[in-house]
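Novice: Input: one structure, supplied below.
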Amino acid sequence: MEETSNGGGSDGALVPLVKSPSSAVRAPPDHRISSATAEDTAEMDKDLTCPICMQMIKDAFLTSCGHSFCYMCIITHLKNKNDCPCCCRHLTSTQLYPNFMLDKLLKKASARQVDKFASPVEQFRSLLHQGCKVSVKEVDTLLSLLAAKKKKMEQEEAERNMQILRDFLHCLRKQKVEELSEIQVDLRYIKEDIGAVERHRMELYRARDRYSVKLRMLGDDPTPKSWPSTNGKSSGILSSGSRSSLGGLAGGSFQNKKIEGKGQLSSHGSSRKDALSGLDSQYISQSGLAVMRKKRIHAQFNDLQQCYLQKRRQLANQSLRQDEKDSNLMQREGYSTGLSEFQSVLSTFTRYSRLRVVAELKHGDPFHSTNIVSSIEFDRDDELFATAGVSRRIKVFDFSSVVNDPSDAHCPVVEMSTLSKLSCLSWNKFTKNQLASSDYEGTVTVWDVTTRQSVMEYEEHEKLAWSVDFSRTEPSMLVSGSDDCKVKVWCTRQEASVLNINMKANICSVKYNPGSSYHVAVGSADHHIHYYDLRNASQALHVFGGHKKTVSYVKFLSTTELASASTDNTLRLWDVKDNLPVRTFKGHTNEKNFVGLTANSEYISCGSETNEVCVYHKEICKPMAWHKFGSPDTEDADEDAASYFTSAVCWKSDSHTLLTANSQGTVKVLVLAA
């Protein structure tokens, strides 16, 4: 009857329909029972908690007022106060009694708590330790279940390992496919460029052959072409007349002419041999230079490879309009822009490998024990250069006199004394005889070199002023930076600063962008370069981070390229237009001193604490040339010689000539050489 009441289905479908309601009816009481059990358990756990430490009671003791506590908790309480923590009744340590019943309950509760959070293996082990009886058949069943479980877990582990290996291989394959694609593109670039170079090379060979033929035609037979001339005929007439008048002397004169002719031919032949030998020696010297340049390429091959690929890939990523310009350039010259730029880099990098000394002068002052040259700068026309340092003197020298006079003792054409040690110099690039200096007292001074007098003195800095720089586009503006964490902008027509930028760290270097009177780069002790637009100086336009120590110098190579030096032994190149790091240069030593920094359109040069000056090509990370200062006067003082360092450097505009000075007071004129 029960089956009929549940519907007229088949027997197989009726069984669950009959059991399901009954099970559904029984479920709620089971749920309520489990909930009640959980609530009772929670309540019981609360009753087993010590009112003082709020943890499960340990070593339960009962008070005379009927409350239970941990023994250590209630003893500690009674040392400070003689009352019950629960009811505040008077209580002493003699009114405490062990609560054995509660201890038993606590042990059971603790065991229950352990069983609640124990793993199945721990629970099974606990049952075995408690003497639970298990038959052999049950043990075999358990072993079978455990073996099956183990196989299943091993299978799952193997599947996971295979999945991990598969994912790794897919990732590796994807990476290698991308690398292969990149390599294929690079190979296509290289193939195109090899074809362009070969075509250009053949054109050069043909041009050389044409010039060689012309030179051979001009060199082989210059005299015969001049013999059948009117001068020759007239000379013949004159000789016949002379024969009739001089008689027998004619034969002798004719013999002399034959001898002279032979002498002329022999001298002409010897001159040709000398010319050929000169060409051979020139060819040999050229081949030697080619071998040296190849060696330089192999020594820096990785950096050159990276430079080439970077320029070629940049070309591929340019816009269509730029590509059209580049295609026009390629049709005109046979080169792509990327290859042309790299050829320029390769040429300028491999052309030089050393610095040759052109002149040397002793800047040292016999009245001062220290002769560190802190700054050295060329004037507007590169005719004069000025030096300054701890000797409290600005000395101006005539560059041509220093170079042309072999003596190392040169007198300055102008000398100006100051009250404090000098840290930096900057020539005005518009007013030839105007020079700015900063000193250890924080004073910024503008000098008239002609009158040897100061024009303006600015004393707003509160601490040492490390750097000063004239604007390249606005002749009356200059900027300075100081240890007082302030950058100040000055105008030579005003007695006070026109702008003040407060920063959080010491300022070591300031530099105007050569193409703007509004943009200034600031090197700071906070390890960053701050690039400001002075029209909105409330915050930096860009902040370049990457150095690990103080940024000691900043110098512009162009309106978009900025070089920085730091006491972390590195130089860095930045793109101020796109706010990007470009390259890091390593190879010199600079950990504590100001060693100088200078840059032109192609090369960056800095000093080193090893008493050397290093030159980097802006596209290559390692030095391409260097020179070490000698110490002939200190051969016996090895310890002192080891402490000398290069302290100032400066490129001569649009040339490969470099001024450099060291802490010993020696100034050298160096030039890049092969």
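Novice: Taking the stated definitions as given, is Thr560 at pLDDT 90 or above, open to solvent by less than 40 Å² (accessible area, probe 1.4 Å) and over 22 Å from Ile297 (Cβ atoms)? Give the derivation first.
Specialist: Numbers: at pLDDT 90 or above: yes; open to solvent by less than 40 Å² (accessible area, probe 1.4 Å): no; over 22 Å from Ile297 (Cβ atoms): yes.
Criteria not met by Thr560.
Novice: Hey, another quick one. Across region 515-538, what is the total count of residues that are open to solvent by less than 50 Å² (accessible area, probe 1.4 Å) and in contact with a strand residue (DSSP E or B) (Cβ under 7 Å, 6 or more places away or on another chain)?
Specialist: Matching residues across region 515-538 total 15.
Novice: What's the number of the condition Ser401 fails, among (1) crowded, with 21+ Cβ neighbours inside 10 Å; (2) outside any loop (DSSP other than H, G, I, E, B)?
Specialist: Single failed check for Ser401: (1).
Novice: Something else about it: Name the residue that is surrounded by the most Cβ atoms within 10 Å (Cβ to Cβ), counting only residues in region 499-514 that are polar (S, T, N, Q) and more than 15 Å from Glu474 (Cα to Cα). Break it down stepwise before answering.
Specialist: Going residue by residue through region 499-514, those that are polar (S, T, N, Q) are 500, 502, 506, 509, 513.
Cutting the leftovers down to more than 15 Å from Glu474 (Cα to Cα) gives us 500, 502, 506, 509.
On the way: Asn500: 12, Asn502: 9, Asn506: 19, Ser509: 25.
Checking each candidate, the answer is Ser509.
Novice: Also, quick follow-up: Looking at (1) without any contact (Cβ under 8 Å) to a residue 40 or more places away in the chain; (2) open to solvent by less than 40 Å² (accessible area, probe 1.4 Å), can you tell me which one Thr589 breaks?
Specialist: Result: Thr589 fails condition (2) only.
Novice: Mind checking which residues of region 423-451 are of a type in the set (A, V, I, L, M) and surrounded by fewer than 23 Cβ atoms within 10 Å (Cβ to Cβ)? Steps first, answer last, please.
Specialist: In the first step, residues of region 423-451 are kept if they are of a type in the set (A, V, I, L, M); the result is 425, 435-436, 444, 446, 449.
Passing the criteria: Val446, Val449.
Per-residue answers, yes or no, for (1) part of a strand (DSSP E or B); (2) under 25 Å from Val414 (Cβ atoms):
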residue: Val446; (1), (2): yes, yes
residue: Thr450; (1), (2): no, yes
residue: Glu457; (1), (2): yes, yes
residue: Glu462; (1), (2): no, no
residue: Ser467; (1), (2): yes, yes
residue: Thr473; (1), (2): no, no
residue: Leu478; (1), (2): yes, yes
residue: Gly481; (1), (2): yes, no
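Novice: Six or more apart or on different chains, Cβ under 6 Å: which pairs go from a residue in region 107-118 that's within 17 Å of Asp59 (Cβ to Cβ) and among the hydroxyl-bearing types (Ser, Thr, Tyr) to one that's at pLDDT 65 or above and not in a loop (DSSP other than H, G, I, E, B)? Could you list them?
Specialist: Hits for this filter: zero, empty list.
The values are calculated or read from the model by the stated rules, or taken from the named source; none is laboratory data. Computed from a predicted structure; not experimentally measured. Counting neighbours? That spans all protein chains shown, and the Cβs are built from the backbone with ideal geometry, glycine included. With ligands, DNA and RNA removed, areas are computed over all heavy atoms of the protein, side chains included. Shrake-Rupley method; radii C 1.70, N 1.55, O 1.52, S 1.80 Å.
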